[in-house]
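These notes concern the structure reproduced below.
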Amino acid sequence: MAPPAYLLVFSDPGTGVSEEEFTDWYDNEHVPLRVDIPAFLSWTRWKEADGQKPTWAASYDLTSYEDTQKPPYTTLAETRSEREKRVIRDMGVLERRTYELMDSPGIPPPSPLFDEKKRSRFLELASIDVKPGSETLLDRWYDEEHSAALASLPGWVRSRRFVLKDWARAGVEGRTNEQAIPRFIAVHEWESVDAVHSEEVKASFQTPLRAELAKVLTARDVRTFEYYRHW
């Protein structure tokens, strides 16, 4: 059986689309069209909590990556309304990333705070990449040190790791941004992000294993978003 997948979309209205129209389009047209597509298992929007851009993120749990390669998922792009075509063309950025769940035995099970019927308050997204051939070192750091350090903190809900399958950018800024997307992402859910800056987390970045990893890192980007709404 194919592993579950994860769709992550970063977006920003920019100057070409008003915040009001952007919100109306996303909340009342774009996401609702995906609610009845069998490949989708969850639909959640998030707003930045770190002062960075893009301002918005949307996350979707998917049945599998394979299910995104066939109808009815693929027909979504083919049946866009005229408004959707215009908004995607004129907005600042719409960056879509599709991932596949990784087998990460060192990640602890979700904490008692986890509830499948609700969403966590915060979403922390850690995108990372390493030199080819160094993937095992990255896995070791997560499985032997970093994941357990995070899971020991108050407010931690759960963590998952994914590997990138495909990505695309649209929008005014998206069309001019040629930066590649890191291959790996860790998705951490929190009820409070205060503990993220604790001494325990800092300690997980100050080990011999992490020092070795630093030598092969090619990209690292961390974003934090706060829950906005789900369907």
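For the range 174-213, which residues satisfy the criterion of being small (Gly, Ala, Ser) and modelled with pLDDT under 95? If the condition is that a residue be small (Gly, Ala, Ser) and modelled with pLDDT under 95, then Gly174, Ala180, Ser192, Ala195, Ser198, Ala203, Ser204, Ala211 are the ones that fit. Between Tyr26, Tyr60, the distinction of being free of Cβ contacts under 8 Å to residues at least 40 places away in the same chain and either within 20 Å of Arg119 (Cα to Cα) or in a strand (DSSP E or B) (or both) belongs to Tyr26 only.
The set of residues from the range 186-197 being among the small types (Gly, Ala, Ser) and touching a Pro at 6+ places or on another chain (Cβ under 9 Å) comprises Ser192, Ala195.
With the condition kept exactly as written, say whether any residue in the range 116-139 is polar (S, T, N, Q), within 27 Å of Gly14 (Cα to Cα), touching a residue at least 60 places away in the same chain (Cβ under 8 Å) and touching a Pro at 6+ places or on another chain (Cβ under 8 Å). Yes, there is a match, as at least one residue in the range 116-139 is polar (S, T, N, Q), within 27 Å of Gly14 (Cα to Cα), touching a residue at least 60 places away in the same chain (Cβ under 8 Å) and touching a Pro at 6+ places or on another chain (Cβ under 8 Å). Cβ-Cβ contacts under 8 Å between residues 6 or more apart (or on different chains), taken from a first residue in the range 93-115 that is surrounded by 20 or more Cβ atoms within 10 Å (Cβ to Cβ) to a second residue that is assigned to a loop (DSSP other than H, G, I, E, B) and charged (D, E, K, R), are listed as Val93/Glu173.
Considering only residues in the range 116-135 that are modelled with pLDDT of 95 or more and loosely packed, with under 15 Cβ neighbours inside 10 Å, the one that is nearest to Phe225 (Cα to Cα) turns out to be Lys131. When Pro54 is tested against (1) free of Cβ contacts under 8 Å to residues at least 60 places away in the same chain; (2) outside any helix (DSSP H, G or I); (3) out of contact with any Ser or Thr (no Cβ under 6 Å at 6 or more places or on another chain), only condition (3) is not met. Taken over the range 148-206, the criterion of being closer than 17 Å to Leu123 by Cβ and among the aliphatic types (A, V, I, L, M) is satisfied by Leu150, Ala151, Leu153, Val157, Ile185, Ala186, Val187, Val193, Ala195, Val196, Val201. Residues of the range 136-152 include none that is surrounded by fewer than 13 Cβ atoms within 10 Å (Cβ to Cβ), closer than 30 Å to Val87 by Cβ and of a type in the set (Ser, Thr, Tyr). On the stretch given as the range 89-126, residues that are more than 26 Å from Val17 (Cα to Cα), of a type in the set (Asp, Glu) and part of a strand (DSSP E or B) total 2. Restricting attention to the range 11-29, does a residue exist that is under 17 Å from the mean Cα position of the chain (by Cα), crowded, with 19+ Cβ neighbours inside 10 Å and farther than 24 Å from Glu82 by Cα? Checked against the condition, which is being under 17 Å from the mean Cα position of the chain (by Cα), crowded, with 19+ Cβ neighbours inside 10 Å and farther than 24 Å from Glu82 by Cα, the range 11-29 yields no hits at all.
The values are calculated or read from the model by the stated rules, or taken from the named source; none is laboratory data. Bear in mind the structure is a predicted one, so any value in this text is a computation, not a measurement. Note that we place each Cβ from the backbone using ideal geometry, even for glycine, and neighbour counts take in every protein chain shown.
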